[in-house]
Amino acid sequence: MHRFRAMGCDVALAGGSPATAAGVLERWEQAFSLFRPESELSRVNASPARMLCVSPLFAGTLSTALDVAAETAGLVDPTLCGRWSEVVVSGKLLSRPPGLALDLNGVAKALAVDEAVATLDGPGFVLVGGDLAARGPVDVALPAGGAIRVVAGGLATSGTASRGAHLIDPATGRPSESRWEQVTASGTTCLAADVAAKTGFLLGDDGPGWLDARGIPGRFVAVEGEIVENDTWARSTRLVQTCT
């Protein structure tokens, strides 16, 4: 296993070249880091223009983020303030109200993990912070104890345990006051898992049911320590245990 730092996170890699994976993650960080003044995202946010020409990578990522916002009724919002519907991408042309800042870090990181795992030359995984994509079985430790075997696809954890109150409730523009400390969700890709985990967290008490209604396994750790597994998670883990 190889370990290094990228995108402001600890990275673990198995089954591939660390140089190749690091190159993939660096390309995404160069484009979307809010902590690099020269990144494309920082330059877009600093521009007073209403319309901008952006790179294909930026346009595609923002389009994905806007699709996610629509799918989650604005809960996972690249504007962080409920104004995602005012942002339009057409080809490489971006239109948004002047001064409206974008934050694409979550979507960009998950997409970067999915791209990095696609470079593996066999079974393995890429883990960046709480975002995992796997090709073949891997056992993953869970928040508050326990572990799960990910056979393939993505697993993501969102919450306040490692990074503080960084998830914004777009309805208030302030850090979420969710009852959950951490939410872990599974998906066919890292992006799908990350979106599900963030949505489950932001929905609070409604999170387990929202994921169940979409057939998404979710595990919720409350601030006071209670662990809640939705029905889909319970069925999925029983199936894995039976097969192994």
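The values are calculated or read from the model by the stated rules, or taken from the named source; none is laboratory data. Computed from a prediction, not measured in an experiment: that's the story for all the values here. Note that each Cβ is placed from the backbone with ideal geometry, even for glycine, and that neighbours are counted across all protein chains shown. Surface accessibility is based on the protein's heavy atoms, side chains included, excluding ligands, DNA and RNA. Shrake-Rupley method; radii C 1.70, N 1.55, O 1.52, S 1.80 Å.
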Requested in this report: Determine the relative contact order of the chain: mean sequence separation of Cα pairs under 8 Å and six or more apart, normalised by residue count, in whole percent.
Outcome: 15
Report summary line: Once both label points are put 7 Å beyond Cα along the C-beta direction, the Asp121-Asp206 separation in nm becomes 4.9
**Report entry** Length added when fully stretched, Val223-Ser17, from 0.36 nm per residue minus Cα-Cα
**Finding:** 70.3 nm
Report summary line: Between the Cα axis of helix 56-71 and the main Cα principal axis of the chain, the angle (0 to 90°, nearest 10) is 60
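Using only Cα atoms, figure out Rg for the chain and give it as a multiple of 2.2 N^0.38 Å.
Normalised by 2.2 N^0.38 Å, the Cα Rg of the chain equals 1.00.
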Query raised in the report: Between the helical axis of 18-32 and the dominant principal axis of the chain, each derived from Cα atoms, what acute angle in degrees is found, rounded to the nearest 10?
Result: 40
Report task. Quote the relative contact order of the range 72-142 in percent (integer), defining contacts as alpha-carbon pairs under 8 Å separated by 6+ residues. Result -> 18
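What accessible area per residue comes out for the chain, rounded to a whole number of Å², with a 1.4 Å probe?
I get 46 Å² per residue for the chain.
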Query - Span from the the range 1-16 Cα centroid across to the the range 18-38 one, whole angstrom - result: 13
Query raised in the report: Can you give the FRET efficiency for Arg36 and Arg5, using 1/(1 + (r/R0)^6), R0 = 25 Å, r = Cβ-Cβ distance, to the nearest 0.05?
Result: 0.95
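For Met51 and Arg27, what does the FRET efficiency come to when R0 = 25 Å and r is the distance between their Cβ atoms, rounded to the nearest 0.05?
Values: r = 25 Å, r/R0 = 1.01.
The calculated FRET efficiency here is 0.50.
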Report summary line: Relative to the chain, whose Cα atoms define the longest principal axis, helix 190-202 and its Cα axis are tilted in degrees, nearest 10, by 90
Report summary line: Once Met1, Met51, Met7 are ranked on solvent-accessible area with the largest value leading and a 1.4 Å probe, the list reads Met1, Met51, Met7
Requested in this report: Please give the peptides 79-85, 135-141 ranked by average Cβ packing (other Cβ atoms within 10 Å per residue), highest first, as a rough proxy for protection.
Outcome: 79-85, 135-141
Query - Rounded percent of accessible protein surface that carbon and sulfur make up, the chain, 1.4 Å probe - result: 54
**Report entry** Debye log10 I(q)/I(0) for the range 57-102, one point scatterer per Cα, at q = 0.15, 0.28, 0.30, 0.34 Å⁻¹
**Finding:** -0.32, -1.08, -1.19, -1.36
Requested in this report: Based on a Kirkwood Rh over C-alpha pairs, give the Stokes-Einstein translational diffusion coefficient of the range 1-94 at 4 °C and viscosity 1.567 mPa s in µm²/s.
Outcome: 87
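Okay, helix-only estimate at 222 nm for the chain: each DSSP H run of n ≥ 4 adds -39500 (n - 2.57), divide by all residues, round to 500 deg cm²/dmol; what do you get?
It lands at -11000 deg cm²/dmol.
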Report task. Quickly work out the Ala152-to-Ala234 label distance, labels modelled 7 Å from Cα along the C-beta direction, and quote it in nm with one decimal. Result -> 2.9
**Report entry** Net +/- balance of residues flanking Ala65 in space, Cβ distance below 11 Å, scoring K and R +1, D and E -1
**Finding:** -4
Query - Heavy atoms of Thr157 accessible to a 1.4 Å probe, total area in Å² rounded to 10 - result: 40
